[in-house]
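Trainee: The following block contains the structure, expressed as structure tokens.
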Amino acid sequence: MARALKLAQRGLFTTDPNPRVGCVLVRGGEIVGEGWHQQAGDSHAEINALRQAGIRAQGSTCYVTLEPCCHRGRTPPCTEALIEAGVVRVVAAMGDPHPKVASQGLAQLREAGLQVEHGLLQEEAQALNVGFVQRLVQGRPWVRCKLAMSLDGATALASGESRWITASPARRDVQRWRARSSAILTGIGTVVRDDPSLNVRYEELQDEVPPGFSRQPLRVVLDRRLAIMAQARLLSLRGPVMIVCADATSPKAESLRGRGVEVISLPVTPQGLDLMALMAVLAAREINELHVECGARLAGSLLQAGLMDELVLYIAPKLMGEAALGLLQLPGIQTMRDCIEVDIKEMRAVGQDWRLVAKIASPSR
């Protein structure tokens, strides 16, 4: 199963919106076939492993990181293929939360006489598909916020200058987080101040994606009053763009649509555009992992709304002084009891900088 998980990781950047899945077929203590789901619309992991095994699949055990599908989508059911190939035992790391599967795949295999088990390395399999699971179970994407700061907790100088807090190895590392995401979210303040591209620079990931692969995540900009500049860099780059505003019927909205930009409106709350409604819209678009690169206000709003699941924080060996801008705007925190807890999962050096990955403790929602 550990080998199957390593195979599944090969699809980290390419399978969206499908889950990352790996499969290993074993007979007589020997691996006879292995495969992984490489890209949405292509064969599933089990089919690729069966093709490699050929007739040696008969009498084998299938180790697969996700419950085999039992419905016909863009590809035929994997359960039928396993049964027809003569596989006698299936070990799945986790069940598939998709409503068209949801334990039905395992049940179908049992009914056909196969020995079925699940739960082996389940946590590792779920971590690999954290966004896919959350979208189907909770109805919203997994929200991962990337921030960079100095040692004294600043994200920009008082003038707004922030390029570059971190060194080039850390910036290359960010490309991996972008590439695994379904969408990238920012606010209009960041667009006006930094004019970011918010795309994936695949030339920096040449050894980690198939040749010619160039999927760009959906770029989403929260822009209540449609203040985005006509010359904004992200509007001229390849890949889909969505502008979220309060009124999508204005002449500015129509002008943006004429450039191929999707413009939608959301309700407005006292805190700004309705972030919960945004999550529902993105989930309906099959957005599994939402990567956020934004300023202190939007990051703080997501955190206080209980909509930030994970924080990826790059810490640079710099001191920027007391007049510099802070990391998060979190009004209302006045006592230690009000503080938001995080669970640090990883801390490692990336060049001269440090990367900290923390899971946000779930507040009451």
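The values are calculated or read from the model by the stated rules, or taken from the named source; none is laboratory data. Since we're looking at a predicted model, the values are computed, not measured. With ideal geometry, Cβ positions are generated from the backbone for all residues, glycine too; neighbour counts draw on all protein chains shown. The protein model used for the area step is the full one, side chains on, heavy atoms only, and it has no ligands, DNA or RNA in it. Shrake-Rupley method; radii C 1.70, N 1.55, O 1.52, S 1.80 Å.
Trainee: So which pairs qualify, if the first residue must be in region 1-25 and aromatic (Phe, Trp, Tyr), the second must be modelled with pLDDT of 95 or more, the Cβ gap must be under 7 Å, and the two must be at least 6 apart or on different chains?
Mentor: Note: pairs meeting the criteria are 13/179; 13/180.
Trainee: Hey, another quick one. So, residue 300, is that one small (Gly, Ala, Ser), over 30 Å from residue 36 (Cα atoms) and in contact (Cβ under 8 Å) with a residue 60 or more places away in the chain or not?
Mentor: Here the answer is no, as residue 300 does not meet what is asked.
Trainee: What residue, of 128, 185, 136, 226, is crowded, with 17+ Cβ neighbours inside 10 Å and under 12 Å from residue 293 (Cβ atoms)?
Mentor: The match here is 185.
Trainee: Mind listing just one residue for me: the one in region 215-240 that is assigned to a loop (DSSP other than H, G, I, E, B) and under 24 Å from the mean Cα position of the chain (by Cα) and, of those, farthest from residue 254 (Cα to Cα)?
Mentor: Out of the qualifying residues, it is 215.
Trainee: Let me ask something additional. What are the pairs with Cβ atoms under 7 angstrom where one residue, in region 269-290, is modelled with pLDDT under 95 and the other, located anywhere, is outside any strand (DSSP E or B)? Sequence gap at least six, or different chains.
Mentor: Between residues of region 269-290 that are modelled with pLDDT under 95 and residues that are outside any strand (DSSP E or B), the close pairs are 271/301; 272/224; 272/301.
Trainee: Take the residues of region 200-237 that are in contact with a strand residue (DSSP E or B) (Cβ under 9 Å, 6 or more places away or on another chain) and basic (Lys, Arg): which is farthest from residue 269 (Cα to Cα)?
Mentor: Filtering region 200-237 for residues that are in contact with a strand residue (DSSP E or B) (Cβ under 9 Å, 6 or more places away or on another chain) and basic (Lys, Arg), the one farthest from residue 269 (Cα to Cα) comes out as 219.
Trainee: Of everything in region 301-349 that's open to solvent by 80 Å² or more (accessible area, probe 1.4 Å) and in a loop (DSSP other than H, G, I, E, B), which residue is farthest from residue 150 (Cα to Cα)?
Mentor: Among those that are open to solvent by 80 Å² or more (accessible area, probe 1.4 Å) and in a loop (DSSP other than H, G, I, E, B), it is 334.
Trainee: Please go through region 256-286 and give me each residue that is touching a helix residue (DSSP H, G or I) at 6+ places or on another chain (Cβ under 7 Å), part of a loop (DSSP other than H, G, I, E, B), of a type outside the set (S, T, N, Q) and under 30 Å from residue 163 (Cα atoms), ordered by number.
Mentor: 259, 261
Trainee: Given the criteria small (Gly, Ala, Ser) and open to solvent by 40 Å² or more (accessible area, probe 1.4 Å), does residue 197 qualify?
Mentor: So residue 197 does not fit the description; no.
Trainee: Given 72, 89, 27, 20, which one is among the charged types (D, E, K, R), open to solvent by 40 Å² or more (accessible area, probe 1.4 Å) and under 24 Å from residue 137 (Cβ atoms)?
Mentor: Result of the check over 72, 89, 27, 20: 72.
Trainee: Can you tell me which residue is surrounded by the most Cβ atoms within 10 Å (Cβ to Cβ) among those in region 56-69 that are over 17 Å from residue 42 (Cβ atoms) and touching a helix residue (DSSP H, G or I) at 6+ places or on another chain (Cβ under 8 Å)?
Mentor: 62
Trainee: Which pairs do you get when a residue that is under 14 Å from residue 185 (Cβ atoms), found in region 237-251, comes within reach of a residue that is open to solvent by 10 Å² or more (accessible area, probe 1.4 Å) and acidic (Asp, Glu), reach meaning Cβ atoms under 8 angstrom, with the pair 6+ apart or on two chains?
Mentor: Here the result reads 240/262; 241/262; 242/262; 243/262, each pair linking region 237-251 to a residue that is open to solvent by 10 Å² or more (accessible area, probe 1.4 Å) and acidic (Asp, Glu).
Trainee: Another question about this same structure. Counting just the residues of region 139-154 that are part of a loop (DSSP other than H, G, I, E, B) and in contact with a helix residue (DSSP H, G or I) (Cβ under 9 Å, 6 or more places away or on another chain), which one comes out surrounded by the fewest Cβ atoms within 10 Å (Cβ to Cβ)?
Mentor: Here the answer is 139.
Trainee: Still on this structure, I have one more. Could you tell me whether region 274-292 includes any residue that is open to solvent by 20 Å² or more (accessible area, probe 1.4 Å) and either in contact with a Ser or Thr (Cβ under 6 Å, 6 or more places away or on another chain) or among the hydroxyl-bearing types (Ser, Thr, Tyr) (or both)?
Mentor: no
Trainee: Against the definition (open to solvent by less than 20 Å² (accessible area, probe 1.4 Å) and either modelled with pLDDT of 95 or more or hydrophobic (A, V, I, L, M, F, W, C) (or both)), how does residue 205 come out, yes or no?
Mentor: Yes.
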